[in-house]
Every structure is written in C-alpha cells, then in structure tokens.
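First comes the structure, then the notes that go with it.
Laboratory data are not the source of any read-out in this text; all were calculated from the coordinates shown. Because the structure is predicted, anything quoted here is derived from the model rather than measured. Note that we place each Cβ from the backbone using ideal geometry, even for glycine, and neighbour counts take in every protein chain shown.
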Amino acid sequence: MIPIRSFLFVPGNRESWIDKVPGYGADAVILDLEDSVPAASKAEARVLVGNKIAWLADQNERVYVRVNRSPHLYDFDDLLAVCRDGLEGIVMSKPGGPEDMHLIDAQIAEAEMRNGLEVGSLVVVPTLETARSIQLAYDLAIHPRTSAICGPSAKNGDVARAVGFRWTAGGRETLYMKSRVVIAARAAGKQPMGGLWQQVHDLDGHRAASDLDRDLGMTGEMILHPAAVPVVNAVYSPSPEDVAYYQGMIEAFDAGVAEGRAAVVYDGEHIDLAHVKTAREMVELARSLAQ
C-alpha cells in the first residue's frame, strides 16, 4: 500500500465540503463521524457519509471514516453504515490499548460480513490519544488490520491533556511520544503518521512542524484544512533535487562495484551498500508517488 502523506479530515455532516474532496489533492480523506459532527447531526451525517463513499472511490479517492467510541463499543451503527465497497479503512479514535483493537476488529468483521465484503478487507488506523495507547503503541501496530498508527500532537488536544505536556511551536515536548510511535510502527512494518497542526492559517508553522515529524521518521500526517495539502505532500515527498542526488549515488556505487569496490566517495561522502539501499528506497518512493 502506497504511504499516505496527507490524511485530510472532512466533517461528515458537510456535504458541500465532501463534494470538493477530489479537488483537494490529498492522498486520502477521513470522513469524520466523531468530534467534528454535532450530536444532533450524527444520524444524518452517518447516512450522508455512507452514500458518498462509492462516489469518492469512483473519483480515485482513498476513503477512510473515523467513528465514535461509546463507553463499551465503537459505534456499530456507524460501522454498518460505512463498511461498504469503496472504503479503504476505519480511523480508530481514542484506543486504550490492544483490547480495543481486538474489539473494533470483531465489530468491523461483523459489518463486513453483513454488508457482503470480504472479512478482513478493511484496514484500521489507530489514533494514539491516550497515555496507555502510546505506551502500548507496538501492540496496536502489530495487529493484522493495522496499516498505520498516528501520534497526533494538537495544541490543547486529547494527547496534550492525557500526557500533560505544555504545547510549544517547536514541538520539544512531543519528541519522546512521536519517537515511540515511529519505532512501534517501523517494528511492526506499518506506517508512522503525525499531525495535527491546528493553526490552519499558519502554513509556515505547519511546514516547520511537518519537517520535524519527517526528521523523526514520520511518513505522513493527519491534517485539518485543505490549504495544508500541498505543504504536507511536499514535506513527505522526495524533491527533484533529492531524486537526482540519490540516482547519482546509485550510479556512482554501481560503477564502483563494476570496478571491484564495495564503497565509493560520492559528493564528498563515503558511500557503501547501506547508503545505496536508502537511495533505492527514496527513488522508488518518488516513482510510486508520481503514479
């Protein structure tokens, strides 16, 4: 599965916003049935989201839905309404730990069966918003349904309250949390994701925050506003200069191997097989994103 760079939330009760999704350029969209939908609009939003999934998929959009958590279950009415052809997965809000992953897995399986989908076909992206879920990140990441885990760090959001950190624009307070998410995801072979920058008009600040997440090993992030899509896509994509650099590295190394050497000097740096493996991954990533 191609990594998701820009994972855009769209409120599930805003039909006009949903209709604009194909023009936003996001890698994937999250139609939200959780916090962004007022309780009084929930039933109507559920129907709207369910009816929009196939249309969005026909527009080559990758579609996810975030569902509500009740005291005992994830909202089964939500899942029955949205687990249908065209949906790629469910964004899982506020898991406490792996027991919640097993819970939503069973609920999704039931919804898949009732709606005629292959059981196990939908993926899940847990959003780690509790201290316990961050501590047990690997146990959530390793579940077969999990395709990515997200460690969000919105100002004054659920994570900030759960962990108790004081938000800063530089993000120092989130370094440990985000690193735990990256290592857990990488160890499980899943995608590590960050977000959420909520100062939606401060795109320079958003770019700086995204650069920090990318430096730590994140490969994409959840975002709140379509204006951030090009910023985020650029941060998590190899630039043309990057591709040229890595392609040159591969060529220099291959030439060295042809001459019987296992290491070369390229652009003033010692290069061996480990570096070239990275270069090949970056060139392949750029190729896959260009498709």
What does the helix-only formula give at 222 nm for the chain: each DSSP H stretch with n ≥ 4 adding -39500 (n - 2.57), the total divided by the residues, and the result rounded to the nearest 500 deg cm²/dmol?
-14000 deg cm²/dmol
Residues E269 and Q291, FRET efficiency given R0 of 30 Å [Cβ-Cβ distance, rounded to 0.05]
0.50
Could you bin all the Cα-Cα distances of the range 152-229 into 10 Å bins starting at 0 and give me the percent of pairs in each, rounded to whole numbers?
19, 54, 26, 1
The simple spin-label model distance between R161 and N115, using points 7 Å out along Cα→Cβ, in nm, is 2.9
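Under 8 Å for C-alpha pairs, at least 6 residues apart: give me the relative contact order for the range 1-122, rounded to a whole percent.
21
Stick to the Cα atoms of the chain, pair each with every other, and give me the Kirkwood hydrodynamic radius in Å at one decimal.
After inverting the pairwise mean of 1/r, the radius is 20.1 Å.
Would you mind putting 215-221, 271-277 in packing order, based on average other-beta-carbon counts within 10 Å, highest first?
Details: 215-221: 20.0, 271-277: 14.3.
Ranked from most to least packed, the peptides come out as 215-221, 271-277.
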A convex hull over the alpha carbons of the range 1-154 yields, per residue, a volume in Å³ of 111
Restricting everything to alpha-carbon atoms, can you work out Rg to Rh for the range 240-290 with a Kirkwood hydrodynamic radius?
0.99
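What percent do you get for the relative contact order of the chain when only Cα pairs under 8 Å and 6+ apart count?
15
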Which lysines have a Cα less than 23 Å from the Cα of K52, not counting those fewer than 8 places away in the same chain?
K20, K42
